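The values are calculated or read from the model by the stated rules, or taken from the named source; none is laboratory data. Remember, it's a predicted structure, so these values are computed and weren't measured experimentally. Using ideal geometry, Cβ is built from the backbone for each residue, glycine included, and neighbour counts are taken over all protein chains shown. Areas reflect the complete protein model, heavy atoms only, side chains present, ligands, DNA and RNA absent. Shrake-Rupley method; radii C 1.70, N 1.55, O 1.52, S 1.80 Å.
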Amino acid sequence: MNAGVSQLFDLSERVAIVTGATKGLGRSLAEGLAGAGASIVAVSRDQEACSRVAGEITASTGRPALGVGSHMGEWDALPALVETVRDRFGRIDILVNNAGINPAPTSVIDMSSEYLDKLFAVNVKGPVRLAGLVAPVMAVRAKGSVINVATVGAYAGGANFGAYTSAKAALINFTKVMAKEWASMGIRVNALSPGPFNSTMMQGAAKLDTEFSTRAGAATLQRRVAECDEIIGAAIYLASDASSFVTGEDHVVAGGMLRA
Amino acid sequence: MTPPTFRLDGKVALITGGSKGLGRAMALAFASAGADVVVASRKAEACENVAAEVRALGRRALAVGCHVGVWSECEAVVARTVAEMGRLDVLVNNAGIAPVPPSLEGVTEDLFDKTIAVNLKGPLRLSGVAAAHLPDGGSIINISSVASVRPSPHTVVYAAAKAGLNALTKAAAQEFGPRGIRVNAIICGTFQTDSFARSIPSDEVARQLASRIPLGRIASADEIVGTALFLASDASSYMTGALLALDGGVS
């Protein structure tokens, strides 16, 4: 076992798809998994940005990386993404469903059908569909790790962020469902729920409310907002054999910000 | 960007119940990851055996006989750690006992007091005493049980003690958070340890237990290592007050 400790967190030979990979937390997740040895498929809506980030990841880590433009809100476009990855790498070991949107704060009274549909399409339907397409590929090797990125806000709910926080709560429930459905296939499924990170989403919120970041940091037990790289440890842990007996669980990385 | 290494170089870890099972697995893994290790349990001789294994991995080790249910012994083990190893970075409250009462009415005062003493009183006192020495970046890991969230009649006292340990985890995380000391718990499911083997009447019962676990098997003792290294190291620098399930999907 002891010789294995250094290999426990190693992702060499493994192929990881990371959605929303060009900015913020997703960018850190993709480069972090590459740093642990994985080959990376960097996905976002913007093909050009994906290709650029893939090149940067290969440059900094030496690992193969492929950028693929794909929109999580487009159910019927996702099979092509999975086929592209299979053609290039022949296998999929890790899926990080990180892409998510949290546009302008909207109260329940003002919420439109289009707004609700759009948030659920990108934050729930896309990740669930992609995982459903990837799981049979993972099952071929009887091994795989799916990581659904949610939010600590899924527990307490957030005033004016209800479409986002409830969509993420649905994603956490789907995490438990997938864990149960796919355990016998050797696939582990876990959620990763960030608290206040200095992410693209946080910077967006700060534009509307300049005190948002300060308040969020003060609400943590560690009294600070985290830098994006502090999400990497949890992702490597969940992606690797270090968590071989862990499935169906949400992992809140929020400086101790309470769930409710 | 430097990816996290999950290593513990230069750190000193104190592990209670460190002479066998999950405690021994963590002691050897922490040593492999670069930590010096203090192995504590009621049986000093058994601790010495694990300490020798740690030294064989090239790390310093200290074996200390300690009954964590006794307030003064908690203070003594922390004092010896700091005096002889020079510092304390990681405390793992792993020592635990799970005697099975025949019924709720059949719970003796002695069984109740002993179960609470080892599983809850000890970790509380050790956390309090250790925190005075833990630096910014220090980590306390409480080894809890799935019984704490899924209790049953035959685990009633143990489950209540471990539920108390979960509450201690969250309270201590609040008190120590501003000082950069993180406190988390691991909610362990069924592991293949000596004490588990002794508590299981037959292989058939073990098979039935495994069939109720979504991953379809009982964990090997070494499978706690990844979670423990994650929580002990800087890889989890923004995680505190968490109760992390390590149970094959049961809870």
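Under a point-charge model restricted to the Cβ atoms of Lys and Arg (+1) and Asp and Glu (-1), what is the dipole moment magnitude of the protein assembly as shown relative to its Cα centre, in debye to the nearest 20? Don't skip to the end; give the middle numbers.
Numbers: 46 positive and 45 negative charges, 29 e Å.
My answer is approximately 140 debye.
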When the convex hull of the Cα atoms of the protein assembly as shown is projected onto a plane and the area is averaged over all directions, what value comes out in nm²? 23.9
Springs between alpha-carbon pairs under 10 angstrom, Gaussian network model over chain A: which of A:R223, A:R91, A:R129 fluctuates most? A:R223
Using unit Cβ charges (K, R positive; D, E negative) and no other charged atoms, how large, in debye to the nearest 20, is the dipole of the range A:194-260 about its Cα centre? 300
Over chain A, what lengths in whole Å, largest first, do the semi-axes of the equivalent ellipsoid take, defined as the square roots of 5 times the eigenvalues of the alpha-carbon gyration tensor? 27, 20, 19
At a 1.4 Å probe, which residues in the range B:232-249 are at least 20 Å² less accessible with all protein chains present than in their chain isolated? B:A235, B:S237, B:Y238, B:M239, B:T240, B:L244, B:A245, B:L246, B:G248, B:G249
Of the accessible area of chain B, computed with a 1.4 Å probe and all protein chains kept, carbon and sulfur make up a percent value of 53
At 4 °C and 1.567 mPa s, the Stokes-Einstein diffusion coefficient in µm²/s for the range B:67-120, with hydrodynamic radius from the Kirkwood sum on alpha carbon pairs, is 99
Highest-fluctuation residue, B:P123, B:P151, B:P178 considered, GNM on chain B with Cα pairs under 10 Å: B:P178
Sticking to Cα atoms, compute the Rg of the range B:135-196 to one decimal and its Dmax as the biggest Cα-Cα distance, whole number, in Å. 13.5, 41
Asked for the total accessible area buried by B and A (1.4 Å probe, Å², nearest 100), one would answer 3400
Cα-based helix-to-principal-axis angle, B:71-85 vs chain B, degrees rounded to 10: 40
What are the principal axis extents of the Cα atoms in the range B:128-251, in Å, biggest first? 49, 28, 23
Leaving ligands, DNA and RNA out of it, report the carbon-plus-sulfur percent of the accessible area of chain A at a 1.4 Å probe. 53
Of all alpha-carbon pairs in the range A:146-190, indicate the percentage at a distance above 11 angstrom. 63
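Counting only heavy atoms of the protein chains, get the accessible area per residue of chain B (1.4 Å probe) and round it to a whole Å² value.
Result: 39 Å² per residue.
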What is the mean projected area of the alpha carbon convex hull for the range A:49-92, to one decimal in square nanometres? 3.4
Which links in B:K121/B:K162; A:K23/A:K207; A:K180/B:K170; B:K11/B:K162 stretch past 20 Å when you go from one Cα to the other? A:K180/B:K170; B:K11/B:K162
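Starting from the Cα gyration tensor of the range B:35-190, multiply each eigenvalue by 5, take the square root, and state the resulting semi-axes largest first in whole Å.
27, 19, 14
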Near B:K20, which aspartates and glutamates are there with a Cα under 16 Å away, not counting those fewer than 8 places off in the same chain? B:E45, B:E48, B:E53, B:D194, B:D222, B:E223
Any idea which of B:Y238, A:A167, A:I94 is furthest toward the positive side of the dipole for the protein assembly as shown, if Lys and Arg beta-carbons carry +1 and Asp and Glu beta-carbons -1? A:I94
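Rounded to the nearest 500, what is chain A's calculated 222 nm mean residue ellipticity when only DSSP H runs of at least 4 contribute -39500 (n - 2.57) each, over all residues?
Helices in chain A give a 222 nm mean residue ellipticity of -13000 deg cm²/dmol.
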The helix A:47-61 Cα axis meets the longest alpha-carbon principal axis of chain A at an angle in degrees, between 0 and 90 and rounded to 10, of 60
Connecting C-alpha atoms closer than 10 Å in a GNM of chain B, tell me which of B:R212, B:R55, B:R42 has the biggest fluctuation. B:R212
Per residue of B:181-192, what is the mean number of Cβ atoms on other protein chains within 10 angstrom of that residue's Cβ? 1
For A:K168, which aspartates and glutamates qualify as cross-link partners when the Cα separation must be under 17 Å and same-chain residues fewer than eight apart are set aside? A:D117, A:E249, A:D250
So what's the convex hull volume per residue for the Cα atoms of the range B:1-115, in Å³? 126
Treating only the Cβ atoms of Lys and Arg (+1) and Asp and Glu (-1) as charged, compute the dipole magnitude of the range A:164-235 about its Cα centre; round to the nearest 20 debye. 220
Solvent exposure of the range A:128-260 as accessible area per residue, Å², 1.4 Å probe: 36
